[in-house]
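The values are calculated or read from the model by the stated rules, or taken from the named source; none is laboratory data. Keep in mind the model is a prediction, meaning the values are calculated, not measured. Here the Cβ is made from the backbone with ideal geometry for all residues, glycine too, and neighbour counts use every protein chain on show. These area figures cover heavy atoms from the full protein model, side chains too; ligands, DNA and RNA do not enter into them. Shrake-Rupley method; radii C 1.70, N 1.55, O 1.52, S 1.80 Å.
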Amino acid sequence: PADSAGSRGVNYVDNEDNWKAAVEDALKNSKKGEILIESLLPGDEYTVETFTCGGITSILTITKKKKVSSSNGTVANELFVPDLASFEREIIEKTVISAINALSYTDGPGHTEIMYDSVHGVGLIETAGRGPGFFMFEKFIPLASGYDIVKNSIIQSVGNVPEPCVVMNRSVLMRYFPCK
């Protein structure tokens with residue numbers, strides 16, 4: 001669905017037999033009745049949360065997603081700060097900062113979703129000038145980074161200078177309980 005959230009109605013189609021059901025489910029989950037068909041990027045899914053001030057982007061946290069097995073790999077039920085090698089973290093961070101710079105985004109929170117593995121490298125899913133949903137913005141980011149992104153986004157939005165980003169890189173895990 002072009003206008004859904006939390007991967008509702010997103011389906012993985014791996015053969016000709018299940019594409020009709022996938023299209024019906026996507027349409028059912030779209031308020032506008034619009035869907036997107038995308039190719040699958042290989043690797044593990046990560047989200048990268050950032051804060052940009054005056055064109056300088058700080059990486060607040062990188063999270064890895066664990067998926068609900070019954071969702072065919074489309075719905076996350078666990079987000080955690082992964083233990084990445086320094087070169088992996090650098091590749092991910094450079095990709096995200098390049099995407100944000102390409103958008104000429106100069107101020108505010110940022111949310112980027114990528115796929116990454118050591119064979120295929122980084123694939124960009126989306127970058128947006130917004131924070132993530134589902135308690136990530138107001139709970140997870142401050143716990144993982146030590147940075148109060150809500151307060152500093154408000155400070156920035158009224159024209160004042162936010163606090164500098166000093167990131168703590170703490171391990172955090174958030175689980176969601178799957179429901180029907």
Problem - Test set (1) of a type in the set (A, V, I, L, M); (2) surrounded by fewer than 18 Cβ atoms within 10 Å (Cβ to Cβ); (3) in a helix (DSSP H, G or I) - residue 119 fails condition number - result: (3)
Handout entry: Residues of segment 147-180 classified as of a type outside the set (Gly, Ala, Ser), surrounded by 14 or more Cβ atoms within 10 Å (Cβ to Cβ) and not in a loop (DSSP other than H, G, I, E, B), total
Key = 6
Practice task
Among the residues of segment 28-38, count how many are at positive phi and open to solvent by 100 Å² or more (accessible area, probe 1.4 Å).
Solution key: 0
Handout entry: Residue that is farthest from residue 146 (Cα to Cα), among those in segment 52-75 that are touching a Leu at 6+ places or on another chain (Cβ under 8 Å) and at pLDDT 95 or above
Key = 64
Handout entry: Qualifying position, being open to solvent by 50 Å² or more (accessible area, probe 1.4 Å) and either at pLDDT below 95 or of a type outside the set (Ser, Thr, Tyr) (or both), among 113, 49, 138, 78
Key = 138
Handout entry: Among the candidates 44, 25, residue that is closer than 18 Å to residue 124 by Cα and surrounded by 11 or more Cβ atoms within 10 Å (Cβ to Cβ)
Key = 44
Handout entry: Inter-residue pairs, beta-carbon under 7 Å, first over 17 Å from residue 47 (Cβ atoms) and in segment 95-111, second in a helix (DSSP H, G or I), 6+ apart
Key = 107/156
Exercise for the section: Please go through segment 81-110 and pick out each residue that is in a strand (DSSP E or B) and open to solvent by 20 Å² or more (accessible area, probe 1.4 Å). Expected result: 109
